[in-house]
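What follows is calculated from the coordinates using simple rules that are stated; it is not laboratory data. Just so it is clear, the structure is predicted and the values come from calculations on it, not from any experiment. Glycine also receives a Cβ, built like all others from the backbone with ideal geometry; neighbour counts cover every protein chain displayed.
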């Protein structure tokens with residue numbers, strides 16, 4: 001489930017949205033109001049339940065051989081075991097938009113944003129089996145008891161790295177023991 005050329009996509013568990021208004025997200029680090037979407041390269045980052053904490057790592061041209069060996073594949077997404085059932089059962093929908101009103105956001109352009117209201121090109125599409133999507137895309141999905149060792153290793157590596165909703169992850173073991 002990726003946008004077609006000239007389109008961007010927004011993923012949601014709500015299939016009833018008819019118009020997207022710019023707003024300041026609860027997790028925003030900036031005060032501006034946006035409508036958020038992604039292009040085809042970053043769409044897999046959102047093949048998850050909305051609140052699911054996840055970490056993603058991928059090989060980039062500057063990745064060292066050691067980091068390549070640690071990752072073991074071209075792209076890995078990681079979640080906690082506690083989210084696996086939700087990953088299997090969530091009803092996720094994709095809203096497609098014309099890319100016209102959107103512009104890249106951030107230095108690494110991980111997302112695109114619009115500052116004006118936008119309407120989907122059509123009704124939302126049910127995304128379907130999220131595990132199968134990962135498999136079809138050749139993205140390894142790692143399910144682990146503790147997300148933090150993966151996050152820490154990937155973030156300190158020469159790999160491309162992103163974490164989403166990490167505030168929803170189980171506490172670090174050091175946080176549990178003081």
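Here are a few things to note about the model shown:
- Reducing segment 1-57 and segment 77-155 to their Cα centroids gives an inter-centroid distance of 7 Å.
- For the chain: relative contact order, % (alpha-carbon pairs under 8 angstrom, 6 or more apart): 32
- The base-10 log of I(q)/I(0) for the chain, evaluated at q = 0.12, 0.14, 0.19, 0.20 Å⁻¹, reads -0.60, -0.82, -1.39, -1.48 [Debye formula, identical scatterers on Cα atoms, solvent excluded].
- Ordering of 156-165, 59-68, 83-92 by packing is 156-165, 83-92, 59-68, highest average first (other Cβ atoms within 10 Å, averaged per residue).
- From the Kirkwood radius over Cα pairs of segment 1-70, Stokes-Einstein at 4 °C and 1.567 mPa s returns a whole-number translational diffusion coefficient of 87 µm²/s.
- Between residue 70 and residue 88, the simple spin-label model (points 7 angstrom out along Cα→Cβ) gives 3.1 nm.
- Difference of contour (0.36 nm per residue) and Cα-Cα distance, residue 12 to residue 137: 43.0 nm
- Estimated FRET transfer efficiency (residue 121, residue 33; beta-carbon r; R0 22 Å; 0.05): 0.50
- Estimated 222 nm signal from helices in the chain, with DSSP H stretches of n ≥ 4 weighted -39500 (n - 2.57), rounded to 500: -4500 deg cm²/dmol
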